[in-house]
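Please read the structure below before turning to the comments.
Coordinate-derived values only; no laboratory data. Just so you know, these numbers come straight off a predicted model, no measurement behind them. Note that each Cβ is placed from the backbone with ideal geometry, even for glycine, and that neighbours are counted across all protein chains shown.
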Amino acid sequence: MNKKLYKSQSDRKLCGVCGGLGEFFGIDSSLIRLGWIVFCLLGGSGVLAYIIAALIIPDEPLEHL
């Protein structure tokens, strides 16, 4: 089992971070998005975390589509 974290190309709203996390952990990406919104509202650091994740996590390779 060699799973890698990528930004999703098929399940994306902004950059594909939440879709990629959902695919990696095997849960619905809507739950990841909801958690991220709560994280943003409880202190605002979620916005910075999303931007950092969008810059660091690589795009999904085309052969995974």
Check: For segment 16-32 and segment 48-62, what is the separation of their C-alpha centers, rounded to whole Å?
Finding: 13 Å
Notebook entry, point to check: What is the log10 of I(q)/I(0) for the chain, computed with the Debye formula using one identical point scatterer on each Cα and no solvent, at q = 0.16, 0.21, 0.29 Å⁻¹?
Noted result: -0.50, -0.83, -1.34
Note to self: Let me spell out the model: positive unit charges on the Cβ of Lys and Arg, negative unit charges on the Cβ of Asp and Glu, origin at the Cα centre of the chain. What dipole size does that give, in debye rounded to 20?
What the structure shows: 140 debye
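Sum -39500 (n - 2.57) across every DSSP H segment of at least 4 residues in the chain, then divide by the residue count to get the 222 nm mean residue ellipticity, nearest 500. Don't skip to the end; give the middle numbers.
Details: 3 runs with 34 residues, N = 65.
Here the helix-only value at 222 nm equals -16000 deg cm²/dmol.
Run through the chain and list the trypsin sites (Lys or Arg not before Pro) located in a DSSP loop whose Cβ has at most 14 other Cβ atoms within 10 Å.
Here the sparse-neighbourhood loop sites are LYS3, LYS4, LYS13.
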Note to self: If you fit an axis through the alpha-carbon atoms of helix 45-56 and take the longest principal axis of the Cα set of the chain, what angle between them do you get, 0 to 90°, nearest 10?
What the structure shows: 20 degrees
